[in-house]
1. Mind putting together the pair-distance distribution for the range A:86-221? All Cα pairs, 10 Å bins, whole percent per bin, short to long.
2. Across the Cα atoms of the range A:89-167, what radius of gyration and what greatest pairwise Cα-Cα distance (Dmax) are found, in Å?
3. How much of the calculated P(r) for the range A:117-161 lies past 15 Å, in percent of all Cα pairs?
4. For the range A:108-152, give the magnitude of the charge dipole about the Cα centre (Cβ charges: +1 Lys/Arg, -1 Asp/Glu; no others), in debye to the nearest 20.
5. Any idea what diffusion coefficient the range A:142-247 gets from Stokes-Einstein, in µm²/s, Kirkwood Rh on alpha carbon pairs, 20 °C, 1.002 mPa s?
6. If you take the beta carbon distance between B:Glu122 and B:Arg73 as r and set R0 to 30 Å, what does 1/(1 + (r/R0)^6) give as a FRET efficiency, to the nearest 0.05?
7. Obtain the radius of gyration and the Kirkwood radius of the protein assembly as shown from its C-alpha atoms and give Rg over Rh.
8. Among the listed pairs B:Lys106/B:Lys162; A:Lys134/A:Lys189; A:Lys22/B:Lys106; A:Lys210/A:Lys230; A:Lys22/B:Lys22; B:Lys162/B:Lys257, which have their C-alpha atoms separated by more than 21 angstrom in this model?
There are 2 protein chains.
Amino acid sequence: MELCKSIDEVRDFIGKQQKAGKEVGLVPTMGYFHQGHLALMEKAREENDIVVVSLFVNPTQFGPDEDYNEYPRDLDRDLELAEEAGVDIVFAPEADEVYLSQAATKVMVEGLTDYLCGAAREGHFTGVCTIVTKLFNIIDPDRAYFGQKDAQQVLVIKRLVKDLNFDLEIVTVTIQREEDGLAISSRNKYLDSKEREAATILYQTLQLAKDLINQGKRDAEAVKERLINKIEAEPLAEIDYVEIVDQSTLEPLVEIKGEVLMALAVYIGDTRLIDNLMLEVN
Amino acid sequence: MELCKSIDEVRDFIGKQQKAGKEVGLVPTMGYFHQGHLALMEKAREENDIVVVSLFVNPTQFGPDEDYNEYPRDLDRDLELAEEAGVDIVFAPEADEVYLSQAATKVMVEGLTDYLCGAAREGHFTGVCTIVTKLFNIIDPDRAYFGQKDAQQVLVIKRLVKDLNFDLEIVTVTIQREEDGLAISSRNKYLDSKEREAATILYQTLQLAKDLINQGKRDAEAVKERLINKIEAEPLAEIDYVEIVDQSTLEPLVEIKGEVLMALAVYIGDTRLIDNLMLEVN
C-alpha cells in the first residue's frame, strides 16, 4: 500500500495505473476508520482494480463552533486498517496542500441543501461539495463510495456529479450499526457510557416510525409528534431535527407515501448524531 | 471535422483519442466566430493533437436584461470557419443537453468577481465558472484557450483551475483588433455605422492612458479622470466602468505601479463593449 501526502505524488501513481487501463475506486473519508468506512473499502475492493482512500479532515465543512479541532484522528491505526482492507493508496494530504492560501472557489448545490443538515449547518454542504469536486479532479476515479448514513450528502453529491458532468459513478453502502442499533460514526467516540446508552434513542425512534407506518399511519405531522415525544423522554437527548421527507427532493411530506426518508439529528450531551431510514410506502 | 451535439458522442470521440495518447486542446466559445476565436483555434492547433471547439451560448452567464436572445448565432458559417482553422471536433450542444431541468449546482469564485464586470453583471461569473467546469469535465482537455480581451474571465478561470485541482493548462491569446484599434467582439455586430465609428473611443482611451503613464503620471485617480473626460466627450458613449487595477488581484490601485490592468466597459448606444490594456509600470 502506498501513502501519498502530495497531490503530484498521488496523481503520478494513479495516472500510471489509469494509462494501463486500470479502473479506480475512490473512498473519500475524514479518517478514524470504523466499520462504516471498512464496508465502503470492501465494496470498492470488489468493484475496482485500484482502491484509493482519501483521508482528510476537511476544515471547510465544519462551522466555526463545530468540532474540527476535536475530530478524532489516528493515522497509524487508519493505515493498518486500510492495508488490511486491501486498499492500494491512502491519500492523506495536509490542509495547506489541499487549500492554497488564495483559494476563492466554492461549489454549491442549491435547494437540496436547504433542508435537514443543510439548514442546521450553514456552509457545511458547500464545504463538502468543494472538497469532493477537488478530490474527483485529483483522483479522477471511475467510482466513488459514500455511506448511506449521510443520506443528504449522497443526494447532494449525486446531484453535483450530474450537474457538473463528472464521468463517474456514485456507489452507496447501507448504514453499519452496532448490535444495539446505534449507527456507527466517528463521533460516537465522544460519548461517555451514559451517553452511549442514551444514543440508542435515534435507532429506537426510527424503529417506532417504521412501526407506526406499518400500522397504517400516514399523517406526517402526527407521526413526527410521536417521534419527538419519544426523543424528548430521553433526558440526555436534545432534538436538532426530526423530518419525514421525500427521498429525492428532501421536501417535507404531508402524507407519508412514496419513497420516504425519515431523518434525525439529535444531540446526546454535546455530541450531534444523525441517523435515517428509507422506506417505500404504498 | 466532427460535429457532436451530445455529451456522450463527444466524450466517446475524444475518449478514444485520449486512450491513444493524444493531447487535447479545448477552445470554449459562444460561436459567431471572428478573428479572436480563430487566433485561439490557431494556437490550439499548434499545441495539441486534437482541437475541440465548444460552441454554446451559455444562458446562465447572461443577466435577465442582457442579450441572450439577441446574441448572434450562425452555426453553418462557424462550422466552415472551424474546418478551415483545422479544428477536429465542434461540440455544439442544445441548452437542454447541457443543463438538466433539475440542475442546482453552481461554481463560484469569490473576491476576484467583485470587481469590474463582476460588479456590473451579477451572476455572470458564476455562470461562466459553472459552464467552464462542466466543459472541462466533459472534454477533459490538456489545455484550454481563452482570449485576453476578457482579462477578468482569464484571471477567474485560472483561479478556478488551481482551486478545484483541474489538471490542465490555461493558455491565453492577446486581444485581436480591427485596423482602427477596436477590439474584435461578437457584439460589434450590434453597432450601426455611427456607433461603429464611436466605438473606437475605447481603444483611443487606452492609448491615452498609456501615453499618460509613459509621461510619468502615477496618480490613478487623476489618470482615470482624464480617461473619463475623454469618453464623456463622445456623445454615443456611456461609461459602465473605467478602472486601473492590480493585474492579479483586480484591486483598484492608488499609485499606478507594478503589473497594471487598465480596463474599460462602455456602452455605445445599447451595446456594452469592453477592452483592456496590461502594462508593467516601474
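1. Once binned at 10 Å, the Cα pair distances of the range A:86-221 give 9, 29, 35, 21, 6, 1.
2. According to the Cα coordinates of the range A:89-167, Rg and Dmax are 13.0, 35 Å.
3. So the pairs more than 15 Å apart make up 44 percent of the total in the range A:117-161.
4. Charge dipole of the range A:108-152: 140 debye, to the nearest 20.
5. 134 µm²/s
6. 0.75
7. Reported Rg/Rh (Cα atoms, Kirkwood Rh): 1.03.
8. A:Lys134/A:Lys189; A:Lys22/B:Lys106; B:Lys162/B:Lys257
Computed from the coordinates by the stated procedures, all read-outs in this text should not be read as laboratory data. Nothing here was measured: the structure is a model prediction, and the numbers come from that model. Please note: Cβ atoms are built from the backbone with ideal geometry, for glycine as well, and neighbour counts cover all protein chains shown.
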